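The values are calculated or read from the model by the stated rules, or taken from the named source; none is laboratory data. Note that the structure is a prediction, hence the values are computed from the model and not measured. No Cβ is skipped: glycine too gets one built from the backbone with ideal geometry, and neighbour counts run over all protein chains shown. These accessible areas exclude ligands, DNA and RNA; they are computed on the full protein's heavy atoms, side chains included. Shrake-Rupley method; radii C 1.70, N 1.55, O 1.52, S 1.80 Å.
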Amino acid sequence: MASVTKVAVVTGGNRGLGLEIVRSLCKKFDGDVILAARTEKDGWEAVKQLRRESEVTALFHQLDVCNPTSIQALAAFLKKTYGGLDILVNNAGIMFKTDSPEPLSAQVQKTLAVNFWGCLDCCKVLFPCLRPGARVVNVTSMYCRSTLRDCSPTLRARFTDPALTIGQLESLMTHYQRCANSGTCHVNGWPTFAYGVSKIGVTMMSAIQQREIAKDRERRDIVINACCPGWCRTELGGSRAVKSAAQGADTPVYLALLPPGCTSPQGALVSDRTVHSFG
């Protein structure tokens, strides 16, 4: 029989920002916290690190956001063990350095695979598990705004169309990949900053998801937001970043623990606990 214990899942939870989100939720959330990581070794080492450093207990479940079978296995585990899911923090992400020797086509493929498609696939599979009052936090970046400005006017209009659907968003991201593969990004109005484009996708995905779930009278108390943690001293952010990973975790955890009945923020781009415009 499934437990009535509440449960939170943090993807990419074994290091950096994800690890700090797990650490904070272990202290503040009244339920189990599952640290999801791509490899068993990294996941269990992170769980041991948290116990050693902070005397908090996180659980571990393997999750490769680029592997549909892995996502399905996590969903099956949540349904069987808990009967649902209360908090989902989609944190897993990658970013290539500006001096990376990888060709643009490879950078776009790998970045979108994790940051956009991996996040979207996790949502598609795990959203049916969400219980009433659940909270979803999709980690994005304020780079989404500057990268959107670098898009052509036509692309900006398509991304910010208030009637944009998930299917149309998927088509836009697929088009970006095709342009990167053919070397035609500039002629088609696309920037070459794969990370920024992936985060445009995550930000718009979150707005669409909130709009769609609000149409369901039985699920309209579920809240979904996109969150920029800021420039953090992590493997992704580098050592010169202005925030520690723990400071970066503040806003994602704040959104994950929004109280029942909250009406704002919803479907928003949030950084430093503040809603920011997009588009």
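For this structure, a couple of remarks:
- Scanning region 136-151 for residues that are open to solvent by less than 10 Å² (accessible area, probe 1.4 Å) and farther than 12 Å from L269 by Cα turns up V136, T147, L148, C151.
- Enumeration of residues in region 1-11 that are small (G, A, S), open to solvent by 30 Å² or more (accessible area, probe 1.4 Å) and closer than 11 Å to D86 by Cβ: none
- Any hit, region 56-71, residues being among the aromatic types (F, W, Y) and in contact with a strand residue (DSSP E or B) (Cβ under 9 Å, 6 or more places away or on another chain): yes
- Of residues in region 189-211 being open to solvent by less than 60 Å² (accessible area, probe 1.4 Å) and not in a helix (DSSP H, G or I), the one farthest from N91 (Cα to Cα): G189
- Output for region 12-33, where each listed residue is under 16 Å from A134 (Cα atoms) and open to solvent by less than 40 Å² (accessible area, probe 1.4 Å): L25, F29, G31, V33
- Test: residue in region 140-151 that is touching a strand residue (DSSP E or B) at 6+ places or on another chain (Cβ under 8 Å), in a strand (DSSP E or B), within 29 Å of A256 (Cβ to Cβ) and not β-branched (V, I, T): no
- Lone unmet requirement of (1) under 23 Å from G13 (Cβ atoms); (2) open to solvent by 70 Å² or more (accessible area, probe 1.4 Å); (3) modelled with pLDDT under 95 for R273: (3)
- Residues satisfying the stated conditions in region 225-273, i.e. among the hydrophobic types (A, V, I, L, M, F, W, C) and assigned to a loop (DSSP other than H, G, I, E, B): W231, L236, A241, V242, A249, L257, L258, C262, A268
- Within region 157-188, the residues that satisfy the criterion of being open to solvent by 10 Å² or more (accessible area, probe 1.4 Å), without any contact (Cβ under 8 Å) to a residue 40 or more places away in the chain and in a helix (DSSP H, G or I) are A157, R158, G167, Q168, S171, T174, H175, R178, S182.
- Subset tally (residues that are in contact with a Ser or Thr (Cβ under 8 Å, 6 or more places away or on another chain) and either open to solvent by less than 30 Å² (accessible area, probe 1.4 Å) or of a type in the set (V, I, T) (or both)) for region 89-105: 5
To keep it simple, each residue is scored yes or no on (1) in contact (Cβ under 8 Å) with a residue 60 or more places away in the chain; (2) small (G, A, S).
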| site | (1), (2) |
| --- | --- |
| D42 | no, no |
| A75 | no, yes |
| D86 | yes, no |
| E102 | no, no |
| A113 | no, yes |
| C129 | no, no |
